[in-house]
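**Q** First the structure, which I've put down as structure tokens, then a few questions once you've had a look.
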Amino acid sequence: MSAGNEENDLTSLEQLGFLASKIIHDLKNKLVVITGNAQFAELVQRDPARLVAILSTIKRVGEEAGKTLEKTAALRQALPHETRRESIKELASAVDKVVAKYPGWSCRHVEDATSTAAIEIRWLAFVVRHLIQKSGSKEGQVETKLFSGPVPMEGIEISSPTPEGPFWLVSISHPVQSKLDEKTEQSPATVLRDTVMQELIRHVGGALWRESNENMEHVFLAVPCHP
């Protein structure tokens, strides 16, 4: 299922910025482990001097890799340091426009909130569009409402730094897909957009979790909201 190029899609720089943020986060954690283990091995090593030299090299290369990653951090400058707050009314309207492009899907807004949420309209449209496409379902429902929190621990994929809320909640529900309908391997484009989506949600301080039963699957996106 594809809606093609969308006028409200993320810019290339934004996608690169989120990807760079993800890569830096993951690799830095690995480098910390490498350097820490190298330092520990030097303290407890009982092997020949060659081992010390090898571990010293690992430590040096790890530190150099860290400096290299810092240079690539310039890619993140494409992202704003502070997320712009948008009217929930306008965000809900953007969700309506995305859902309208998918026959069989419907949208429901539980309340007409007057507060704001910490996500740009284009970013929200990107996330909702991606989750609908990734579901592979020809029918489903998107629902929005205010959510006081807290974010549940079960099924969590992305945790929020403020799990107690309050949030603006977007839920995407669809029938469970049969095994015949499920793809055994995601396309590179889907994997790319999935990675971008995850880092985008982290960037705005949001949360993402899933719930399912025998008949339905539910994905919940919680975005911090403000009075």
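The values are calculated or read from the model by the stated rules, or taken from the named source; none is laboratory data. In this text the structure is predicted, and so the values were computed from the model without any measurement. With ideal geometry, Cβ positions are generated from the backbone for all residues, glycine too; neighbour counts draw on all protein chains shown.
Yes or no, residue by residue, for (1) of a type in the set (D, E, K, R); (2) at pLDDT below 75; (3) not in a helix (DSSP H, G or I):
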| position | (1), (2), (3) |
| --- | --- |
| GLU6 | yes, yes, yes |
| LEU27 | no, no, no |
| THR35 | no, no, no |
| LEU43 | no, yes, no |
| ARG50 | yes, yes, no |
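**Q** What pairs come up if the first residue lies in the range 87-107 and is more than 19 Å from PHE167 (Cα to Cα) and in the same structural domain as ILE172 (by TED's automatic domain parsing), the second is modelled with pLDDT under 95 and surrounded by 13 or more Cβ atoms within 10 Å (Cβ to Cβ), and their beta carbons are under 7 Å apart, counting only those six or more places apart or on different chains?
**A** GLY104/LYS138
**Q** Something else: Evaluate the range 116-123: report whether one residue or more is within 30 Å of ASN37 (Cα to Cα) and modelled with pLDDT of 70 or more.
**A** No, every residue in the range 116-123 fails to be within 30 Å of ASN37 (Cα to Cα) and modelled with pLDDT of 70 or more.
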